Amino acid sequence: MNHFSANVELSIDGAIATITLNIPERHNSLAGEDIDLLRQHLTSVEGNRDVRVLIVTGAGEKSFCAGAALNQLGAGSISGEVFADMTDQLAAISIPTICSLNGSAYGGGSEIGLACDFRIGVEGMRLFVPPARIGLCYPVNGIQRFVSVLGVNMAKRLLIASEEFNASELLQAGYLTHLVSPEERQSTTDELAKRMANYAPLALRAMKDICNQAALSQLDHQQASVIAAHCNNSKDLQEGFKSLAEKRAPRFTGE
């Protein structure tokens, strides 16, 4: 199933959804209507029980995303908070998410990656966050995301010093979880997505939720125990043990 737009595309292939930023002529920077459409796609994905993994990627060979369209930010027609609401929604999606960075990321484009669980980058890519260079304070929730994922020192290097990083530095700093050649990116993305799509959905959702709470130092142990117990009393766990005993691939249903 495909929902095509000039600028943002959603495609669903079985259990895997892909959102593609398709504005390579402007480095996949997002105007207000693009952000709105991306949020609609995220809502569609979250509401589709058949989808177990989401991939976010960009069109073209140079840039993954250059963040919010600077001409609209400068004109006041969109605010950084509009972009931040979108990245908050992406970060909150319950299924595993993969950011497949087809090229360099700038500004808010780097935060789209941070809002995903995994970031597959390509050799030759670069990343920097420019707000300090133009006198803009990055949105508060976004700053929190940089700190929680990368640590305060790396967050300050990106946001306050506005340093530029290459692919190997991004892997070393923990921004990238995987680094491959451009030719290997699609196959690496597909392999990871298909592998997770075959795992037990309840277990993935539970562990993602608990990991995210812990990363923000907001872990409610009682609530986390309820989430884990729900997973560990599921039909999927029974199926997992049964498949081991029968030496076959499990057939998880998310129940």
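For a quick check of your reading: which helices (runs of 4 or more DSSP H) sit entirely within the stretch 37-152 and have at least 3 residues that are outside the structural domain of Arg205 (by TED's automatic domain parsing) and at pLDDT below 95?
Ranges flagged: 70-75, 80-92, 131-134, 140-150.
Name the pairs: first residue in the stretch 184-209 and closer than 14 Å to Ile227 by Cα, second residue surrounded by fewer than 16 Cβ atoms within 10 Å (Cβ to Cβ) and modelled with pLDDT of 95 or more, Cβ to Cβ under 8 Å, at least 6 apart or on different chains?
Pairs that qualify, where the first residue is closer than 14 Å to Ile227 by Cα and the partner is surrounded by fewer than 16 Cβ atoms within 10 Å (Cβ to Cβ) and modelled with pLDDT of 95 or more, are Arg205/Ser94; Lys208/Ser94; Asp209/Ser94.
Answer yes or no as to whether Ala155 is closer than 19 Å to Asp88 by Cα, in the same structural domain as Lys62 (by TED's automatic domain parsing), outside any loop (DSSP other than H, G, I, E, B) and not basic (Lys, Arg).
Taking the combined requirement at face value, the residue satisfies it.
Report yes if Arg126 is under 20 Å from Thr20 (Cα atoms) and of a type in the set (Lys, Arg), otherwise no.
Yes; evaluated as a whole, the condition is true for this residue.
Which members of the stretch 1-36 meet the condition of being aliphatic (A, V, I, L, M), assigned to a loop (DSSP other than H, G, I, E, B) and touching a helix residue (DSSP H, G or I) at 6+ places or on another chain (Cβ under 6 Å)?
Answer for the stretch 1-36, where residues must be aliphatic (A, V, I, L, M), assigned to a loop (DSSP other than H, G, I, E, B) and touching a helix residue (DSSP H, G or I) at 6+ places or on another chain (Cβ under 6 Å): Ala15, Ala31.
In the stretch 154-169, which residue that is under 19 Å from the mean Cα position of the chain (by Cα) and closer than 15 Å to Gly108 by Cα is surrounded by the fewest Cβ atoms within 10 Å (Cβ to Cβ)?
It comes out as Ala155.
Please find, within the stretch 196-247, the residue that is nearest to Glu46 (Cα to Cα) out of those that are at pLDDT below 90 and of a type in the set (D, E, K, R).
Checking each candidate, the answer is Asp236.
The values are calculated or read from the model by the stated rules, or taken from the named source; none is laboratory data. For clarity, every value in this text was computed on a predicted model and none was experimentally measured. In this analysis, Cβ positions are derived from the backbone assuming ideal geometry, glycine residues included, and neighbour counts consider all displayed protein chains.
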